[in-house]
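Shown next, in structure tokens, is the structure this report addresses.
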Amino acid sequence: LTITNVRKAGGNSIMSLSKEGHKALSRQATIEKHLLLALDQKNLNVLYQPQLDIQTGKIIAAEALVRWVDESIGVVSPDELIPIAEETGLIHSIGSFVLEQACQQALAWQKEGIPLKVSINVSIREFRDKNMARSILETLERTKCPADLIQIEITEKFALEAESEGAIMKQMRQLEQEGIVFVLDDFGTGYASFRYMQLLPLKTVKIDATFIRSMMQSEKTEQLVRGMIQLAKSMQLTILAEGVETAEQFDLLKGFGCDLAQGYHICKPTAANAVKNLYYQKA
Ligand code: C2E
Ligand code: MG
Ligand code: MG
Ligand code: MG
């Protein structure tokens, strides 16, 4: 265990770790150990959450979301798993696994005549590997998945750090040239959203679920959401609303001219087969 891990778990030094600190620390160590095994045995899973074109009512894409149920630990949610994986470096293996699955799935759908793009989430740490772009392109080639079927979702935190790291920007541009599309996730929650809309090679921005959630209670938030949609459109960006849970939210967004929606109201993250059924149902 590193000192950083210990500090994160709540103590200033090993000697002063609280009971809770010890618990958190041993859980993290357990997760780390089991995750290594799970990755080795490809014992993780990917679910897909459909993205719907609000104006046509059709499913046009699906977001790949990692799932892990360990035999002894139980369910480890992405919100717990991803930070640990980022810290330990295991995020590279998770990323490769999810990308491979996503490519195979996108290709399988295409072969069935279902034109769905697949979105993957990537962490900044994956892009700090200077071979990241090449390894993505190699995976596309090996799986025979066309590049324009894959979208990469980055967060504002990613954008913030990428801006000052030329090597990351270069890799993003390289991937963009090959036909991969970038999506700004959790839009509005970071420090400098507007800046990145202008700086990065983006195609789509996803309005964070927190805005969609409070939009029905607050007139101000409602106007903010309306403004985000207009801003994105004026910049020729596709705009997606995340975390759409009710018909009321959906109808309001439709009225505002929002392009895409994702959320429990349309479908929870689900198995690839269920996405296929929903696609046909909406076709
Ligand atoms: P995200 O990319 O913003 O993904 C959306 C999250 O919101 C997902 O949680 C999804 O299940 C959840 N969600 C979707 N619709 C609704 C809704 O209507 N209501 C509510 N309450 N929640 C909804 P999930 O799968 O737990 O993932 C959490 C975060 O973990 C993701 O946020 C993403 O940042 C990260 N993540 C997930 N899979 C991966 C992965 O393979 N790699 C990386 N680097 N990060 C991942
Ligand atoms: Mg995402
Ligand atoms: Mg999000
Ligand atoms: Mg999120």
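With all protein chains in place and ligands, DNA and RNA left out, the 1.4 Å accessible area ranks His34, His22 as His22, His34, largest first. Heavy-atom accessible area, probed at 1.4 angstrom with all protein chains present, ranks Lys268, Lys170 as Lys170, Lys268, highest first.
How large, in Å, is the range 32-155 by the Kirkwood hydrodynamic radius built from its alpha-carbon pairs?
15.2
A compact globular protein would have a Cα radius of gyration near 2.2 N^0.38 Å; the ratio found for the range 214-258 is 1.09.
Determine by what factor the alpha-carbon radius of gyration of the range 117-179 differs from 2.2 N^0.38 Å, reporting the quotient. It would help to have the intermediate numbers written out before the result.
On the way: Rg = 11.4 Å, N = 63, 2.2 N^0.38 = 10.6 Å.
Dividing the Cα radius of gyration by 2.2 N^0.38 Å gives 1.07.
Each residue of the range 36-45 is assigned a 3J(HN,Hα), and the resulting list reads 4, 5, 4, 5, 4, 9, 6, 9, 9, 9 Hz, derived from the Karplus form 6.51 cos²θ - 1.76 cosθ + 1.60 (θ = phi - 60°), x at Gly and Pro. Among Gly21, Gly255, Gly243, the residue with the largest mean-square fluctuation in a Gaussian network model of the chain, with springs joining Cα atoms closer than 10 Å, is Gly21.
Expected output is a single nm value to one decimal: the length gained when fully extending between Lys33 and Thr246, i.e. 0.36 nm times separation in residues minus the C-alpha distance. What is it? All intermediate terms of the calculation are to be shown ahead of the outcome.
Details: separation 213, 0.36 × 213 = 76.68 nm, distance 3.97 nm.
That works out to 72.7 nm of additional length.
From zero up to wherever the largest Cα-Cα distance of the range 159-227 sits, split into 10 Å bins and tell me the percent of pairs in each. Going out from 0 Å in 10 Å bins, the range 159-227 shows 19, 43, 24, 12, 1 percent.
Rounded to whole numbers, the Karplus 3J(HN,Hα) couplings from phi for the range 276-281 are 4, 4, 5, 4, 5, 4 Hz, using 6.51 cos²θ - 1.76 cosθ + 1.60 with θ = phi - 60°, and x at Gly and Pro. One Cα centroid belongs to the range 138-168, the other to the range 174-244; the line between them spans 17 Å.
Taking amide H positions as modeled 1.01 Å from N, with prolines and chain starts lacking one, the residues under 5 Å from Gln51 and 5 or more places away or on another chain are Ile60, Ala61, Ala62, Glu63. Checking the Cα-Cα distances for Lys144/Lys282; Lys58/Lys203; Lys58/Lys254 against a 22 Å cut-off, the pairs over it are Lys144/Lys282. Here the range 151-283 is treated with +1 on each Lys and Arg Cβ and -1 on each Asp and Glu Cβ, and its dipole about the Cα centre works out to around 300 debye. Residue separation of Arg134 and Leu199 scaled by 0.36 nm, minus their Cα-Cα distance, works out to 21.2 nm of gained length.
Applied to the range 249-262, the Karplus parametrisation 6.51 cos²θ - 1.76 cosθ + 1.60 on θ = phi - 60° returns per-residue 3J(HN,Hα) values of 4, 4, 5, 4, 4, 4, x, 6, x, 4, 6, 10, 9, 9 Hz, with x for Gly and Pro.
Under a 5 Å amide H cut-off, with hydrogens placed 1.01 Å from N, Asp186 pairs with Lys206 among residues at least 5 apart or on other chains. What is the log10 of I(q)/I(0) for the range 71-135, computed with the Debye formula using one identical point scatterer on each Cα and no solvent, at q = 0.14, 0.16, 0.22 Å⁻¹? Treating every Cα as an identical point scatterer, log10 I(q)/I(0) equals -0.53, -0.66, -0.96. Rounded to the nearest 20, the size of the Cβ-charge dipole of the chain about its Cα centre is 140 debye, with Lys and Arg at +1 and Asp and Glu at -1.
Length, then width, then depth: along the principal axes, the Cα atoms of the chain run 58, 46, 39 Å.
The values are calculated or read from the model by the stated rules, or taken from the named source; none is laboratory data. Computed from a prediction, not measured in an experiment: that's the story for all the values here. Cβ atoms come from the backbone with ideal geometry, glycine included; neighbour counts cover every protein chain shown. When the accessible area is computed, the model is the full protein with side chains, heavy atoms only, and any ligands, DNA or RNA have been set aside. Shrake-Rupley method; radii C 1.70, N 1.55, O 1.52, S 1.80 Å.
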